[in-house]
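See below for the structure under consideration.
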Amino acid sequence: MITIEMINQANYTLHNLMVTKWSTQDLFSIKWWGEIGFVIFSYILCFSLLDKTRLTKTILFGSLISVFSVVIEIVGCNSNLWAYSLPIYPMIPNIFLLDITVMPLYYMLIYQRAYSWKSYAVWNIGASAFLGFVFSPLMVSLGLVQLIQWNYVNTFLIIASVGFLAKAVISLIISFEEQYQAKQQVWQTSVLFQPAVKPLDEESDKKNEN
């Protein structure tokens, strides 16, 4: 019988192995510094290019991209579909490079420039193709990622799906917000221009006095 204590012990052993490898082989290596530099560069570049007048919607969109990516990363890593050979920090999954850097930051730049669904679809497919067939093979060739039961076509399809799902959700949120604001404006206008009505008690008192 498999007990929770056995699972906890296995997780403890796995964590110790990861920390030992990371601290003795990965930390402060050239590739590790390369990942750190790429993350810092991406944040500086993207936030310098973001439209500061649309930050709320754009960052909300990026947050959705990041949430969806992290969920997929958790499922993929725990299902042994892929693994990170050189993580920035020893944890499963390694969310720093792709899920909270590449995907949300660069997709926020796409979102703020692609206003229509048609233009967004073109940008999304192009970005998914680049990440799936260029960026992912580069990470594999550099020894940062190991594909176990996965391939680049699946990467392309899953990234494109995340892009379309985030766009659909943010469009639905904005549509709901605009409808609510329109209803509030109509209600406030009707209250503002509603004619004043004298109280019935005052009218009755005046008739009695006459």
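Within region 81-94, is even one residue in contact with a Lys or Arg (Cβ under 6 Å, 6 or more places away or on another chain) and either among the aliphatic types (A, V, I, L, M) or surrounded by fewer than 13 Cβ atoms within 10 Å (Cβ to Cβ) (or both)?
Yes; the residues of region 81-94 include at least one that is in contact with a Lys or Arg (Cβ under 6 Å, 6 or more places away or on another chain) and either among the aliphatic types (A, V, I, L, M) or surrounded by fewer than 13 Cβ atoms within 10 Å (Cβ to Cβ) (or both).
For region 140-149, how many residues meet the condition of being outside any helix (DSSP H, G or I) and either surrounded by 14 or more Cβ atoms within 10 Å (Cβ to Cβ) or under 21 Å from the mean Cα position of the chain (by Cα) (or both)?
Residues in region 140-149 being outside any helix (DSSP H, G or I) and either surrounded by 14 or more Cβ atoms within 10 Å (Cβ to Cβ) or under 21 Å from the mean Cα position of the chain (by Cα) (or both): 3 in total.
To keep it simple, each residue is scored yes or no on (1) in contact (Cβ under 8 Å) with a residue 24 or more places away in the chain; (2) within 21 Å of ASN94 (Cβ to Cβ).
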| site | (1), (2) |
| --- | --- |
| TYR12 | no, yes |
| LYS21 | yes, yes |
| THR24 | no, yes |
| TRP32 | yes, yes |
| GLY37 | no, yes |
| SER42 | yes, yes |
| LEU49 | yes, no |
| LEU60 | yes, no |
| PHE68 | yes, yes |
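Taking PRO195 and the conditions (1) at pLDDT 95 or above; (2) exposed (fewer than 10 other Cβ atoms within 10 Å of the Cβ); (3) not polar (S, T, N, Q), which numbered condition does it fall short on, given that it satisfies the others?
Of the numbered conditions (1) at pLDDT 95 or above; (2) exposed (fewer than 10 other Cβ atoms within 10 Å of the Cβ); (3) not polar (S, T, N, Q), the odd one out for PRO195 is (1).
What do you reckon, is TYR152 more than 23 Å from PRO90 (Cβ to Cβ) and exposed (fewer than 15 other Cβ atoms within 10 Å of the Cβ)?
Answer is no for this residue.
Surrounded by fewer than 13 Cβ atoms within 10 Å (Cβ to Cβ) and closer than 19 Å to THR58 by Cβ: does that describe TYR115?
In short, yes.
Taking SER66 and the conditions (1) more than 16 Å from ILE148 (Cα to Cα); (2) modelled with pLDDT under 90, which numbered condition does it fall short on, given that it satisfies the others?
Failed condition: (2).
Kindly evaluate PHE41 against the criterion of being aromatic (Phe, Trp, Tyr), under 30 Å from LEU109 (Cβ atoms) and out of contact with any strand residue (DSSP E or B) (no Cβ under 6 Å at 6 or more places or on another chain).
yes
Which of the numbered conditions does SER128 fail, given that it passes all the others? Conditions: (1) in contact with a helix residue (DSSP H, G or I) (Cβ under 6 Å, 6 or more places away or on another chain); (2) polar (S, T, N, Q); (3) surrounded by fewer than 18 Cβ atoms within 10 Å (Cβ to Cβ).
(3)
Which ones in region 71-96 are closer than 22 Å to PHE47 by Cα and either hydroxyl-bearing (Ser, Thr, Tyr) or in contact with a Pro (Cβ under 8 Å, 6 or more places away or on another chain) (or both)?
PHE96
Check ILE2, ILE95, ILE59, ILE7 and return the single one that is closer than 27 Å to VAL140 by Cα and among the β-branched types (Val, Ile, Thr).
ILE95
Select, from PRO93, PRO104, PRO87, PRO137, the only residue that is closer than 23 Å to TRP33 by Cβ, without any contact (Cβ under 8 Å) to a residue 60 or more places away in the chain, part of a loop (DSSP other than H, G, I, E, B) and not charged (D, E, K, R).
The unique qualifying residue is PRO93.
The values are calculated or read from the model by the stated rules, or taken from the named source; none is laboratory data. All figures in this text were calculated on a predicted structure; none of them were measured in a lab. A quick note on method: Cβ atoms are made from the backbone with ideal geometry, for glycine too, and the neighbour counts reach across all protein chains shown.
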